[in-house]
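Undergrad: I'd like to ask you about the structure that follows.
The values are calculated or read from the model by the stated rules, or taken from the named source; none is laboratory data. In this text the structure is predicted, and so the values were computed from the model without any measurement. When we count neighbours, we look across all protein chains shown, and the Cβ atoms used for this are built from the backbone with ideal geometry, even at glycine. These area figures cover heavy atoms from the full protein model, side chains too; ligands, DNA and RNA do not enter into them. Shrake-Rupley method; radii C 1.70, N 1.55, O 1.52, S 1.80 Å.
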Amino acid sequence: MPPGKVLQPVLKMKVDELFLCWLSESSTQAMLQDCLQRIKMPGRPERGGGDAGQPGPPLAAPAPACKPRGFDGLGVPSPAPASTALPLGATSSARSGPPVRGPRRSAGTRVVQTKEQPPPPAPSQSVPAFYFPRGRPQDSVNVDAVIAKIERTFAQFPHERATLDDMGRVAKACGCPLYWKGPLFCGAGGERTGSVSVHKFVAMWRKVLQNCHDDAAKFVHLLMNPGCNYLVQEDFVPFLQDVVNTHPGLAFLKEASEFHSRYITTVIQRIFYTVNRSWSGRITCAELRRSTFLQNVALLEEEADINQLTEYFSYEHFYVIYCKFWELDTDHDLLIDAQDLARHNDHAISTKMIERIFSGAVTRGKKVQKEGKISYADFVWFLISEEDKKTPTSIEYWFRCMDLDGDGALSMYELEYFYEEQCRRLDSMAIEALPFEDCLCQMLDLVKPQNEGPVLPLGGVWLPGSRRPTKHILTPLTREGASKWGPGRLPV
């Protein structure tokens, strides 16, 4: 503590604060002013008192009038007196004049300091629960009946222990789709011992039924790491490996084990591309509920042709994606650099856009910044976004690439920055390019952003229901596409 500084108790500071608050009230100021006048003029009657011909001015709060016992100017007898005390223990000064039988009572009014009673507390109202992160509880679930059915199923297995091949019947006893057998097996710890006992599985599933009340919460609980409430990419590997091993549409893939990891990586990236709209790398129960992933998992049991499940599991889609990557990856180290990516689609992607892709704006991990290369997983996101620019994730993918300063809006400078290279490439093809000002006007008329200004927010790039994003800057420039360009024409 600096020398010369005196410590002050906190209680004294609070008392001083309350005193200043009381002193600043208007009623306190009026009362103190009246007391001060009486001290200066002892013979002066009290404020509001006096003869009937000189009544005192009325104050804000009327009170029973005080007059001396006897008759007033109209000959009406006065009621009994009432005493008044000054605040803070101060006593009133003695009055001069002849003695009277009782204190005088004023014919006017007097401010009476009354402590306002606090209003009675409002009756408590119970607000029903409205947030259920693990699903809305179901009263109709009979846990004991489900457990009894599971125990009867385990009784059919040797020593009441189930292997991964037996988990299909257990999944049906639990009321789950067939291909939940992998997550159920892993959730009960079967991957460590190779089998699951009935007691361990029943204890696990009873806990799931008590804490998780919908399919999304159950699926996350079965695959997540202990202490987490979300799924990362590695959590899907056991589930997808079981799909590869047991689905009839992928039977031909059993012998080609080197492609198992490539197919699983592709499916995982497609899952996160569609489901993880927060770009956090973590799929939560809420994101899983909003997606169609669990519905597609249920369809795996019904659809023998895996290629019919085009949203996540199609092998044909995986084959196309991997072949395109294999063509660009000349050294086949499963990594491609900027020069490799520039050869995609006959050099259709502009150099500035490729630089933004390798800058880390849309890729995960620090390997891109260190080595200047992207992995096969990053290429899956790029190719899906490049082939279909109408999905919300694709639009956000290219928006992040064009948002140079990361402020969540595209300025006219950023749009012109990417458009300049397209103009130069059109000139090299002997095609007259549309001036940027004209292109900008057409784009704004097409998008119709909600807020006017020199920037274009992400919400203005794609209006829900319109199905027409602004693609003229996002569209790669090929020789076939360049033929559509011309003076006053905007490719859409």
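Undergrad: Just for helices (runs of 4 or more DSSP H) wholly inside the range 141-238: which have at least 2 residues that are basic (K, R)? Give the derivation first.
TA: On the way: elements: 143-154, 167-173, 181-187, 190-193, 198-211, 215-223.
Qualifying helices (runs of 4 or more DSSP H): 143-154, 167-173, 198-211.
Undergrad: Here's something else I'd like to know. Which residues, taken from the range 143-174, are open to solvent by 90 Å² or more (accessible area, probe 1.4 Å) and more than 20 Å from G187 (Cβ to Cβ)?
TA: Residues satisfying the conditions are D144, R152, Q156, P158, H159.
Undergrad: Something else about it: How about the range 280-303: which of its residues are open to solvent by 30 Å² or more (accessible area, probe 1.4 Å) and closer than 25 Å to F379 by Cα?
TA: Those that are open to solvent by 30 Å² or more (accessible area, probe 1.4 Å) and closer than 25 Å to F379 by Cα: S280, R282, T284, T292.
Undergrad: Let me ask something additional. Residue pairs, Cβ under 6 Å, 6 or more apart or interchain, first in the range 292-317 and touching a residue at least 12 places away in the same chain (Cβ under 8 Å) and closer than 17 Å to T265 by Cβ, second among the basic types (K, R) and surrounded by 15 or more Cβ atoms within 10 Å (Cβ to Cβ). List them.
TA: That search, which allows pairs on different chains as well, returns Y312/R270.
Undergrad: For L456, work out the one condition from (1) part of a helix (DSSP H, G or I); (2) at pLDDT below 65 it doesn't fulfil.
TA: Condition not satisfied by L456: (1).
Undergrad: List the number of the failed condition for E316; all other conditions in (1) within 26 Å of the chain's Cα centre (by Cα); (2) open to solvent by 10 Å² or more (accessible area, probe 1.4 Å) hold.
TA: Of everything listed in (1) within 26 Å of the chain's Cα centre (by Cα); (2) open to solvent by 10 Å² or more (accessible area, probe 1.4 Å), E316 misses just condition (1).
Undergrad: Taking the condition of being in contact (Cβ under 8 Å) with a residue 40 or more places away in the chain and open to solvent by 40 Å² or more (accessible area, probe 1.4 Å), how many residues in the range 357-374 meet it? Walk me through how you get there before you give the answer.
TA: Filtering the range 357-374 for residues in contact (Cβ under 8 Å) with a residue 40 or more places away in the chain gives 357, 361, 364.
Filter once more, keeping what is open to solvent by 40 Å² or more (accessible area, probe 1.4 Å): 364.
Going through the range 357-374 one residue at a time, the tally reaches 1.
Undergrad: For residues that are closer than 23 Å to F157 by Cβ and touching a residue at least 24 places away in the same chain (Cβ under 8 Å), scanning just the range 206-219, find the one that is surrounded by the most Cβ atoms within 10 Å (Cβ to Cβ). Write out each step before concluding.
TA: Going through the range 206-219, the residues closer than 23 Å to F157 by Cβ turn out to be 206-209, 218.
Restricting the remaining residues to those that are touching a residue at least 24 places away in the same chain (Cβ under 8 Å) gives 206, 209, 218.
On the way: R206: 15, L209: 18, K218: 25.
Selected residue: K218.
Undergrad: Next question, about the same structure. Residue pairs, Cβ under 7 Å, 6 or more apart or interchain, first in the range 411-437 and β-branched (V, I, T), second open to solvent by 20 Å² or more (accessible area, probe 1.4 Å) and not in a helix (DSSP H, G or I). List them.
TA: What qualifies is I431/W485.
Undergrad: Out of R95, R110, R136, report the one residue that is at pLDDT below 85, in contact with a Lys or Arg (Cβ under 8 Å, 6 or more places away or on another chain) and of a type in the set (K, R).
TA: Values: R95 fails: in contact with a Lys or Arg (Cβ under 8 Å, 6 or more places away or on another chain); R136 fails: in contact with a Lys or Arg (Cβ under 8 Å, 6 or more places away or on another chain).
The conditions single out R110.
Undergrad: What residue, among those in the range 299-356 that are in a loop (DSSP other than H, G, I, E, B) and aromatic (F, W, Y), is farthest from E414 (Cα to Cα)? Full working, then the answer.
TA: Looking only at the range 299-356, we keep the residues that are in a loop (DSSP other than H, G, I, E, B), and these are 303-305, 309-314, 329-334, 343-350.
Those left that are additionally aromatic (F, W, Y): 312-313.
Details: Y312: 34, F313: 37 Å.
Looking at the filtered set, the residue picked out is F313.
Undergrad: Filtering the range 257-278 down to residues that are assigned to a loop (DSSP other than H, G, I, E, B) and not small (G, A, S), which residue is surrounded by the most Cβ atoms within 10 Å (Cβ to Cβ)?
TA: By that ranking, first place goes to N276.
Undergrad: Among the residues of the range 415-440, write down those that are touching a helix residue (DSSP H, G or I) at 6+ places or on another chain (Cβ under 6 Å) and either under 20 Å from W398 (Cβ atoms) or among the small types (G, A, S) (or both).
TA: First, pick out the residues of the range 415-440 that are touching a helix residue (DSSP H, G or I) at 6+ places or on another chain (Cβ under 6 Å): 416, 418-419, 421, 429, 431, 433, 436.
Residues satisfying the conditions are E416, F418, Y419, E421, A433, F436.
Undergrad: Within the range 10-22, take every residue that is open to solvent by 80 Å² or more (accessible area, probe 1.4 Å) and either outside any helix (DSSP H, G or I) or not hydrophobic (A, V, I, L, M, F, W, C) (or both) and give me the one that is modelled with the highest pLDDT.
TA: E17
Undergrad: Continuing with the same structure: What pairs can you find where one residue is in the range 269-280 and more than 19 Å from V297 (Cα to Cα) and among the polar types (S, T, N, Q), the other is in a loop (DSSP other than H, G, I, E, B) and open to solvent by 30 Å² or more (accessible area, probe 1.4 Å), and their Cβ atoms are less than 9 Å apart, with a gap of 6+ or different chains?
TA: S278/T284; S280/Y230
Undergrad: Consider S350 carefully, then state whether it is over 25 Å from G249 (Cβ atoms) and out of contact with any Asp or Glu (no Cβ under 8 Å at 6 or more places or on another chain). Show your work before the answer.
TA: Numbers: over 25 Å from G249 (Cβ atoms): yes; out of contact with any Asp or Glu (no Cβ under 8 Å at 6 or more places or on another chain): no.
It is false that S350 is over 25 Å from G249 (Cβ atoms) and out of contact with any Asp or Glu (no Cβ under 8 Å at 6 or more places or on another chain).
Undergrad: Further, regarding this structure: Go through the range 175-199 and give me each residue that's surrounded by fewer than 16 Cβ atoms within 10 Å (Cβ to Cβ) and among the small types (G, A, S). Please lay out each step first, then the result.
TA: Quick first cut of the range 175-199, residues surrounded by fewer than 16 Cβ atoms within 10 Å (Cβ to Cβ) only: 175, 189, 191-194, 199.
Across the range 175-199, the qualifying residues are G175, G189, G194.
Undergrad: Can you spot a residue in the range 409-430 that is closer than 30 Å to F272 by Cβ, open to solvent by 30 Å² or more (accessible area, probe 1.4 Å), of a type outside the set (S, T, Y) and under 37 Å from the mean Cα position of the chain (by Cα)?
TA: Taking every residue of the range 409-430 in turn, none turns out to be closer than 30 Å to F272 by Cβ, open to solvent by 30 Å² or more (accessible area, probe 1.4 Å), of a type outside the set (S, T, Y) and under 37 Å from the mean Cα position of the chain (by Cα).
Undergrad: Still on this structure: If you check K254 against the conditions, is it surrounded by 18 or more Cβ atoms within 10 Å (Cβ to Cβ) and farther than 25 Å from R364 by Cα? Let's see the steps before the verdict.
TA: On the way: surrounded by 18 or more Cβ atoms within 10 Å (Cβ to Cβ): no; farther than 25 Å from R364 by Cα: yes.
Taking the combined requirement at face value, the residue does not satisfy it.
Undergrad: Which of the residues that make up the range 330-356 are open to solvent by less than 30 Å² (accessible area, probe 1.4 Å), farther than 14 Å from G372 by Cα and without any contact (Cβ under 8 Å) to a residue 60 or more places away in the chain?
TA: Across the range 330-356, the qualifying residue is only H344.
Undergrad: Look at the range 27-41 and say how many of its residues are exposed (fewer than 12 other Cβ atoms within 10 Å of the Cβ) and either within 58 Å of the chain's Cα centre (by Cα) or not in a helix (DSSP H, G or I) (or both).
TA: 2
Undergrad: I've got another one for you. If A203 meets every condition in (1) among the small types (G, A, S); (2) under 23 Å from T153 (Cα atoms); (3) open to solvent by less than 60 Å² (accessible area, probe 1.4 Å) apart from one, which number is that one?
TA: Evaluating A203 over (1) among the small types (G, A, S); (2) under 23 Å from T153 (Cα atoms); (3) open to solvent by less than 60 Å² (accessible area, probe 1.4 Å) leaves (3) as the failure.
Undergrad: Could I ask something else about it? Hey, among D403, D388, which residue is surrounded by fewer than 16 Cβ atoms within 10 Å (Cβ to Cβ) and of a type outside the set (S, T, N, Q)?
TA: Details: D403 fails: surrounded by fewer than 16 Cβ atoms within 10 Å (Cβ to Cβ).
Only one candidate passes the filter, namely D388.
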